[in-house]
Amino acid sequence: MRFSRAVGLAAAFGLATGALPAVPAAAAVTPVCTLTIGAAYPPYQGYYLLHVGCTVGNVVSFSVHGSDVWDDDWLFTQRDGYEIIVDGGRLNEDPGAGDEIYAKATVRLPDGSTLNVGTNKVHGRWG
Ligand SMILES: [Ca+2]
Ligand SMILES: [Ca+2]
């Protein structure tokens with residue numbers, strides 16, 4: 001009696017495990033990308049270094065946006081690379097108010113495909 005119940009449970013567990021949907025391969029490598037904004041080193045006074053790094057793959061380009069309630073602003077695009085130095089005025093997407101900056105990165109994955117990934121928002125006060 002005990003034995004057959006154990007076998008039955010094992011069979012049920014085995015069936016349940018086998019019935020789980022396969023996880024798509026792409027989901028396992030979806031990168032998380034982070035935007036950081038720091039002061040650029042001298043002699044770039046008043047300039048800022050934007051860096052986009054991802055947990056998987058390489059950032060080949062990224063666009064930078066200002067977050068707003070209704071419509072986000074496109075600010076500029078780095079077409080070749082994961083970093084750019086810009087004048088603080090270019091991050092001033094809300095004159096007189098705090099600025100909320102994020103990026104949309106194009107990431108080349110290890111398998112050679114590319115993916116567009118949004119980043120975190122960086123809050124600051126530029127301009
Ligand atoms: Ca804004
Ligand atoms: Ca501002």
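No value in this document is a laboratory result; all are computed from the given coordinates. Predicted model only: the values in this text are computed from it and were never measured. When we count neighbours, we look across all protein chains shown, and the Cβ atoms used for this are built from the backbone with ideal geometry, even at glycine.
Between the listed residues 92, 124, 33, the Cα displaced farthest toward the positive end of the dipole of the range 24-124, a dipole computed from Cβ unit charges relative to the Cα centre, is found at 33.
Once both labels are positioned 7 Å from their Cα atoms along Cα-to-Cβ, the gap between residue 47 and residue 32 label points is 3.2 nm. Per-residue 3J(HN,Hα) values for the range 39-47, derived from phi via the Karplus relation 6.51 cos²θ - 1.76 cosθ + 1.60 with θ = phi - 60°, read 5, 6, 6, x, x, 8, 5, x, 10 Hz in sequence order (x marks Gly and Pro).
Rounded if a/c is under 1.5, else prolate if a/b is larger than b/c, else oblate: which is the range 27-79, with a ≥ b ≥ c the root eigenvalues of its Cα gyration tensor?
Values: a/c = 2.35, a/b = 1.26, b/c = 1.86.
It is oblate, given that a/c is not under 1.5 and a/b is not larger than b/c.
Starting from the amide H of residue 61, placed 1.01 Å from N in the peptide plane, find each other amide H under 5 Å away whose residue is 5 or more places distant or on another chain. The answer is 81, 106.
The mean sequence separation of alpha-carbon pairs under 8 Å and at least six residues apart, normalised by the residue count of the range 24-124, gives a relative contact order of 29 percent. Once the chain from residue 71 to residue 108 is taken as fully extended at 0.36 nm per residue, the excess over their C-alpha distance is 10.5 nm. Think of the range 24-124 as having a plus end and a minus end, set by charges on the Cβ of Lys, Arg, Asp and Glu; of 106, 77, 46, 106 sits farthest toward the positive end of this dipole. Each listed q (0.13, 0.14, 0.24 Å⁻¹) maps to a log10 I(q)/I(0) for the range 24-124 from the Debye sum over equal C-alpha point scatterers, namely -0.47, -0.54, -1.25.
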